[in-house]
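Participant: Mind looking over this structure? Questions follow.
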Amino acid sequence: MNEYEIRRGLQDNIKPENLRQQMVEVFGNAQEKDGRLVASYGAIKEIWAWTSGKKLAVDTKMAPGVDDKVAQDTIRAYNTFLEKVTGYTSKERGKRAQKAVKEGKA
């Protein structure tokens, strides 16, 4: 499970109805189970997304042994989803994660 910070001003993105809309746009489907949204796409068997305080929490189950094209498409979709919701690109999320580790927050 990973938690992602949300860019200032984009907190509405993690409201359940907005989060569901983003999942449908990127992954083509989204259902609510146990108070969390779940979808599947490409190499992702299940992607669970929910609000954890002021952060986005995401948990995934991957399908092993998919071909390279499916894997690349899946990574692209996953990063697109996270960027739309958090407001941070994959590069920015990586830098923030490294900074959190250095500061002892992760």
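Every number here is computed from the coordinates shown, using simple stated rules; none is lab data. This one's a predicted model, so the numbers in the text were calculated from it and none came from an experiment. So basically every Cβ, Gly included, is an ideal-geometry build from the backbone, and we count neighbours across all protein chains shown.
Participant: Hey, got the dipole for the chain? About the Cα centre, +1 on K and R Cβ, -1 on D and E Cβ, debye to the nearest 20?
Facilitator: Rounded to the nearest 20 debye, it is 500 debye.
Participant: Further, regarding this structure: Could you derive backbone 3J(HN,Hα) for the range 73-84 from the dihedral phi with the Karplus parameters 6.51, -1.76 and 1.60 (θ = phi - 60°), listing whole Hz in sequence and x where the residue is Gly or Pro?
Facilitator: 5, 5, 4, 4, 5, 4, 5, 4, 4, 5, 5, 5
Participant: Same structure, new question: Would you count, across the chain, every pair of lysines whose alpha carbons are under 20 angstrom apart, provided the pair is eight or more residues apart or spans two chains?
Facilitator: 25
Participant: Kirkwood Rh and Cα-based Rg: tell me the resulting Rg over Rh for the range 51-102, rounded to two decimals.
Facilitator: Answer for the range 51-102: 1.02.
Participant: Hey, another quick one. Count the net charge of all other residues whose Cβ sits under 12 Å from the Cβ of Glu92, scoring Lys and Arg as +1 and Asp and Glu as -1.
Facilitator: +4
Participant: Moving to a separate point now. Taking Cα centroids, how far is the range 62-106 from the range 1-41 in Å?
Facilitator: If you average the Cα positions of each part, the centres end up 15 Å apart.
Participant: Only one of the values [x] 37, 30, 21; [y] 57, 23, 17; [z] 38, 27, 26 was calculated from this structure for Cα extents along the principal axes in Å; name its label.
Facilitator: [x]
Participant: Return the calculated 222 nm mean residue ellipticity for the chain, to the nearest 500 deg cm²/dmol, obtained by summing -39500 (n - 2.57) across DSSP H runs with n ≥ 4 and dividing by the residue count.
Facilitator: Per the formula, -13500 deg cm²/dmol.
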